[in-house]
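Enquirer: Please see the structure below; I have some questions.
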Amino acid sequence: MQKVLSGIKVLEQGTFITGPAAGMFLADLGAEVVKVEQPESGDPFRAFRGGLYSPHFQTYNRNKQSITLNPKLPEDAAVFDELVKDADVYIQNFRPGAAERLGAGAARLRALNPRLVYCSISGFGASGPAAGRPAYDTVAQAASAFLQLLVNPVNPRVVGPAIADAMTGFYAAYGVMGALVERGRTGVGRTVEVSMLEAMCHFNLDAFTHYFSADEVMGPFSRPSVSQSYVMECADGLWIALHMSSPEKFWQGLAHAIERPDLFKDPRFADREARIAHQPEMIELLAGLFRERTRAAWCTRLEAEDVPHAPMYDTREAMEDPQVRHLQLEVSAPHPEGGQWRTIRSPVSFDGERALAVTAPPVLGADNARIVEPLRRRLRGD
């Protein structure tokens, strides 16, 4: 694939997800990302399942290089400064004030390199009454009013993946790329700041727009009722998802697939507004019908009627889907400790060329000999 960020050098001093995700998104587009880690332990995410190569760490650290530096040691601090002078981007997701204590604050680094795009990621922002509070994914989801859209009030449990962490990393990379484009015109870098709270409030824009424009506070079933989204269990215990949206043709197709051509004579289901108002009754009706056939049988019938649907896969099943295989979403690379390492490729293609080349996440300090040691020798005058 064309590496559209080829030649861009990124120093990432990130831990857990937000900072590493931002670095990975840039690396996926071809930037050279050097991950700066603590000696011996590295990014704390490395050890989440013992050892230093957990699945959690692997998720957000492909296509990178790893070096270890202790910023408290003068010789390592000097190496870090040399790397900063040659970098295009620096990324950190420390708590506010921590970067300054480590000698990696924006003012200092951009004084060393005025072209540097400095990216600071926080939980609640750099200032304000909550700035010093610890923030993790669930905290940011809750504070942004997003979590209450996911939690089923009948069975209130946190569900799903680390959306706030990943989305904050995405917004950070988005900001960095905007600053890089501007630097191409001005020659001067920017300090890019994003917090998890700000990122998730923006990601939750639909709910806030409804609140601002219609004084409507959305709940977990607000959008699924308007979009007419359903999940149905089939005869074989497998599940299928439907998203009927607004075009009437999809409902006509569904009526034929379920062999209920008189469906719309029922005033509860006669038009879109009626179906929204009576979605619980529609769910009850469809649930009984979908239990009469297997998921494969329903997929065949729904596809024949052009009804928007998909099997509700688990991760293993998704990798076997013919369309997923056609799109070559699974890619692999040599594992640094032997065998093959597998992942999902970047979804972005350029000029029809898919991002099929990938490198596995590095073991801790894998690139010390190539990157750090020559700088140490040069600084010593060897």
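The values are calculated or read from the model by the stated rules, or taken from the named source; none is laboratory data. No experiment lies behind these values; they were computed from the predicted model shown. So basically every Cβ, Gly included, is an ideal-geometry build from the backbone, and we count neighbours across all protein chains shown. Heads up: the accessible areas ignore ligands, DNA and RNA and are worked out on the full protein's heavy atoms, side chains in. Shrake-Rupley method; radii C 1.70, N 1.55, O 1.52, S 1.80 Å.
Enquirer: Looking only at residues in segment 218-270 that are hydroxyl-bearing (Ser, Thr, Tyr) and without any contact (Cβ under 8 Å) to a residue 40 or more places away in the chain, which one is most open to solvent (accessible area, probe 1.4 Å)?
Expert: For segment 218-270, the residue satisfying everything is 246.
Enquirer: Take the residues in segment 41-52 that are at pLDDT 95 or above and open to solvent by 30 Å² or more (accessible area, probe 1.4 Å), then tell me which one is farthest from the chain's Cα centre (by Cα).
Expert: 41
Enquirer: Further, regarding this structure: Collect the residues in segment 167-201 that are within 16 Å of the chain's Cα centre (by Cα) and either under 15 Å from residue 139 (Cβ atoms) or open to solvent by 70 Å² or more (accessible area, probe 1.4 Å) (or both), keeping them in residue-number order.
Expert: Passing the criteria: 167, 168, 170, 174, 195, 196, 197, 198, 199, 200, 201.
Enquirer: Please state which one of 287, 257, 277, 270 is in contact with a Lys or Arg (Cβ under 7 Å, 6 or more places away or on another chain) and of a type in the set (Gly, Ala, Ser).
Expert: 257
Enquirer: I've got another one for you. Select, from 336, 280, 347, the only residue that is assigned to a helix (DSSP H, G or I) and either open to solvent by 60 Å² or more (accessible area, probe 1.4 Å) or modelled with pLDDT under 95 (or both).
Expert: Just one listed residue meets the conditions, 280.
Enquirer: Now for a separate question. I'm checking my understanding of the structure. Among residues of segment 350-378 that are assigned to a helix (DSSP H, G or I) and touching an Asp or Glu at 6+ places or on another chain (Cβ under 7 Å), which one is surrounded by the fewest Cβ atoms within 10 Å (Cβ to Cβ)?
Expert: In this case the residue turns out to be 376.
Enquirer: Taking the condition in a helix (DSSP H, G or I), open to solvent by 70 Å² or more (accessible area, probe 1.4 Å) and under 30 Å from residue 47 (Cα atoms), does residue 325 pass?
Expert: no
Enquirer: Can you say whether residue 19 is under 18 Å from the mean Cα position of the chain (by Cα), of a type outside the set (A, V, I, L, M) and within 22 Å of residue 110 (Cα to Cα), as far as the supplied structure shows?
Expert: When the stated conditions are applied, residue 19 passes them.
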